[in-house]
Each structure stands twice: as C-alpha cells, then as structure tokens.
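Input: a single structure, listed below in structure tokens.
Please treat every number below as a calculation from the coordinates, not as lab data. A quick note: this is a predicted structure, and the numbers were derived from the prediction, not measured. Don't worry about glycine lacking a Cβ; one is built from the backbone with ideal geometry, like all the others, and counts go over all protein chains shown.
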Amino acid sequence: MINFYFFPFTYMDARQANILSCFFNYFNVLDIHDGAVLPEPMAGLEAQGQLGRVCLDKEKLAIAEQGVRAYMAWAAIHKGNERNLRALIRENTFFKDDSGVAAICAGIRKGTVLNDPDATISRDSSDSLVFLKFADIHDRQSQDIQSALDTLDQENAALLAELKGDGDMSLSVDHTQSPEPGQAMTEKRIKAWLKAAVDAECFDPRGIPVLITTSRAVMDEFLTGAGQAINALDIDSIKVHEKDREVIKQQHFKIKGIIERMAQGLTPDSEKDYFEGADHGSVTGRIQIRFFSGLGDVALTKKNPGGQIGVCLVELNS
C-alpha cells in the first residue's frame, strides 16, 4: 500500500493545497499540534477527507512545546537588549542551568539536545520537534505577512482609483507570489521532518512511504543527499485539471497507478500523454518521482525492510 506524506512541512498555504489537490486525493501530515484545530486551508482539506494526521508522541510534543514557549519568552524579554545579553547570561545562574532556556537556545543553535535528567525521550526527537514547531510558526507568520501586504496593495489601488475618479471600475491587483517556504532552512527542515517521521513509524514495513512536496528547493536538496535512485520518472508538462471533479478523480487514480507501478520496479513512459482527456479547462503541471532503497543517515532498512521509499515533486506551470 502506498502512503503519501506531505513533507517537510507541517503547514501549507493555499497555493500548496491547490497543487496537492490536483495530484492526490489523500495525503498525510505530521500533526505537531496534538489534535488542535488546523488552520485553513488544511482544515478544509481535512473536512473533505483529503488530509489525514500522523499522531506524534504526546510526551515528546509537550516537551517540545515547553522548549518553544521558553525560548519565545526569553526572546521577548531580551529583545533590544542584545548588547547586555552576554553579561546577563554570565551573572544570572538561571541561564547556567542546563535545563533552563539558555540551554534550550544553545541546543537549537548547535543541533544538540534539551537536558532533562528525568527524561527518557530521545534527544534527537525532541530537537526535531522543536525545530518543526519553529518552522511552522515561521511559515504561518510569513503567510500572514503576505496576506497583509496583498490587502494593503488592494486598498492602495482602490484609493488611487478613487482619486482618479474611477471608483466604480472593477479593480484587479496582481497578488505578489508568496516566498517559497522550502527555500528557507531546507536541509534542516528535511532532517528534522525525517527524524520525526521515523519516530512516528511512517516507514512501517506494512506500506511504501512516498514523500510529496511542492517545493523544488526541497526536492533538489533531498536528491543531493539521497544517493542513487532505483527508479525515476520526470514529466515536465502533464495536463491536470483544477475544477472539474470527475476529471480530477481520474487524475488522482492515474497518478497513484503510476507510483504503484514504479514501486513494483516498472518505469512508466515519460513521453506518454496520461491525461489526454483533460484538455478543456486544464492546466499543465510537472511531476518528478524518485524511488530509493535508503536515505543516508536515516536507517530506513531497519524501519522498512522492503527498502523502498519514494519522493515526489508536483508543480503547476501556470
């Protein structure tokens, strides 16, 4: 059985959600918020049955959340006081405590671990979840900022039209493309996500995991360190549909079939027109698929004796 996982993110914006919906009828995300209500558009996809959550260990999530809150509180208190920060750390015994927020901060920066003498939890797992939580905050805030900028552009255009006496004219403002989140902290995102996914048993031998992404930066970084692929497919121009539900269902079925055949060792024809019936109202997209027997320092052969894992990039060209 093929199991699709959106990676290496825990949050998606409207653009990412639209792309994924064109290619897949169901996929999973790592739930780093322990069942809390998801933001849109993720909540809508979950309500429609397109998005599932991979539950993570509650104790590990609680420790990671404590680390994030402590770091945020520390940063808020000392914002603007960086000049005196070194003296403050030297003089304040709290900051010398290995379980204090200074250790948390240092651990995040150095890639080391949170120190809790009573903890029986993997340090790597804790660090990975802390990083994923910060990356999630970063992505959400970036999206909020972009939305605010788009609103401001719309208001400025309306004001300009009113000053020109064109207030009754319908205005069209081109929204600025949101920064591609995969370009920020790419390698760290991938490593943190993989550690959390292994810990959550996403690479269970009962299924074949396929990691799906909309980020070319993520795909390029992943391929750089993943080693030799055992099967590959690249289609630079593939017809997909964004609105016709019946056609979209056919797309999902055919794409899943392609990936299932690749998992069996068969390489589909990259020149074949898989969606020849999707001309009306269709757009073109790109799909890039690789299958591997292992992933570097992640010992997938122990977690997934079958030795196969797929990674897939999907994009819309228009």
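Between rounded, prolate and oblate, where does segment 198-251 land on the alpha carbon gyration tensor, with a ≥ b ≥ c its root eigenvalues, rounded for a/c under 1.5, else prolate if a/b exceeds b/c? Walk me through the intermediate numbers first.
On the way: a/c = 2.23, a/b = 1.43, b/c = 1.56.
Here segment 198-251 falls in the oblate category.
What distance in nm separates the two pseudo spin-label positions at A161 and D236, each 7 Å out from Cα along the beta-carbon direction?
Result for the modelled spin labels: 3.9 nm.
Which entries in the list K191/K243; K188/K254; K243/K272 go over 27 Å, if you measure between the two C-alpha atoms of each? Walk me through the intermediate numbers first.
Values: K191/K243 35 Å; K188/K254 33 Å; K243/K272 23 Å.
K191/K243; K188/K254, as the Cα separations exceed 27 Å there.
Evaluate the distance, in nm, between pseudo-label points positioned 7 Å from the Cα of D244 and of S147 along their respective Cα→Cβ axes.
The answer from the label model is 3.2 nm.
State the volume of the convex hull built on the alpha-carbon positions of segment 184-224, expressed per residue in Å³ and rounded to an integer. Working shown, then result.
Values: hull volume 3.0 nm³, N = 41.
Spelled out: Cα convex hull of segment 184-224, divided by residues, is 74 Å³.
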